[in-house]
Amino acid sequence: DADIMWFRDPFPRFYLDADFQIACDHFSGSSYALENNPNGGFNFVRSNNRSIEFYKFWYSSREVYPGYHDQDVLNRIKYDSFLVDIELKMQFLNTANFGGFCEPSKDLNQVCTMHANCCFGLGNKLHDLKVALEDWKLYMSLPPILKRSSISSWRVPQNCRYIA
């Protein structure tokens, strides 16, 4: 998605053996838990037969769930036995590294991305993304000893408030 800020290289944080990795609005604590709430705005996919079959299945599943957004379709098919049959290795990215306005990363020493998810209205997204950028600039200006102390935190969301 275009509403994601990148702070550092995400590649060291990707799982080594997963075929399909996806960011979450809410992370359960386990990268394997299907109960995670994925967000299709940020994912990393290894091109192989399993991931190709998965994408074909996901795309064709839109017909089974007409009117549903691709992310909602994914939330339904992630439990389907077809994914087990093709041996897809799916993992969910921890919000500690791949945060968003739904669940911001708490440690600026670890965060790779910040997604303006759980937010309605372009003005609200832009406002909170600007605040996140200001927070990042402030963090980056700190001396190394203060960066390691993890005293910095996000001031977002402000205008983007998630209501469950």
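Amide H contacts under 5 Å for Cys24: Asn39, Leu93, restricted to partners 5 or more places along the chain or on a different chain, H placed in the peptide plane at 1.01 Å from N. Provide, for region 31-164, the number of lysine pairs with alpha carbons under 20 Å apart, each pair being eight or more places apart or on different chains. Step by step, the pairs that qualify in region 31-164 add up to 9. Remark on the chain: Cys24, Cys112 stand apart, with no other cysteine beta carbon under 4.7 Å. Secondary-structure-derived ellipticity at 222 nm for the chain, considering helices only, amounts to -9000 deg cm²/dmol, per-run term -39500 (n - 2.57) for DSSP H runs with n ≥ 4. Approximating the spin labels as points 7 Å out from Cα along Cα→Cβ, the Gln110-to-Tyr65 distance works out to 2.9 nm. Put the Cα centre of region 30-47 next to the Cα centre of region 75-128 and the gap is 7 Å.
Output needed for the chain: three equivalent-ellipsoid semi-axes, defined as square roots of 5 times the C-alpha gyration tensor eigenvalues, in descending order, whole Å. Mind dumping the intermediate values first?
Details: eigenvalues 190, 70, 29 Å².
Semi-axes, largest first: 31, 19, 12 Å.
Summing charges over neighbours of Phe44, with a neighbour being any other residue whose Cβ is under 13 Å away from its Cβ, gives 0 when K and R count +1 and D and E count -1.
In nm, what is the difference between 0.36 nm times the number of residues separating Glu134 and Leu16 and their Cα-Cα distance?
On the way: separation 118, 0.36 × 118 = 42.48 nm, distance 3.25 nm.
Separation in residues times 0.36 nm, less the Cα-Cα distance, equals 39.2 nm.
Expressed as a whole percentage, what fraction of the accessible surface of the chain belongs to carbon and sulfur atoms when a 1.4 Å probe is rolled over the protein heavy atoms? Roughly 56 percent of what the probe reaches on the chain is carbon or sulfur. Taking the charge dipole of region 53-131 about its Cα centre, with +1 at Lys and Arg Cβ atoms and -1 at Asp and Glu Cβ atoms, the residue from Val111, Ile77, Val64 reaching farthest to the positive side is Val111. Net charge dipole, region 52-123: roughly 120 debye, given to the nearest 20, about the Cα centre with Cβ charges of +1 for Lys and Arg and -1 for Asp and Glu. Over the chain, accessible surface divided per residue gives 56 Å², non-protein components excluded, 1.4 Å probe.
Candidates Pro10, Leu93, Asn43 compared by Cα position along the dipole of the chain: farthest toward the positive end lies Pro10, with charges placed on Cβ. Net charge dipole, the chain: roughly 560 debye, given to the nearest 20, about the Cα centre with Cβ charges of +1 for Lys and Arg and -1 for Asp and Glu.
The values are calculated or read from the model by the stated rules, or taken from the named source; none is laboratory data. Note that the structure is a prediction, hence the values are computed from the model and not measured. Every residue, glycine among them, receives a Cβ derived from its backbone with ideal geometry; neighbour counts consider all protein chains shown. The area values use the complete protein model at the heavy-atom level, side chains included, leaving out ligands, DNA and RNA. Shrake-Rupley method; radii C 1.70, N 1.55, O 1.52, S 1.80 Å.
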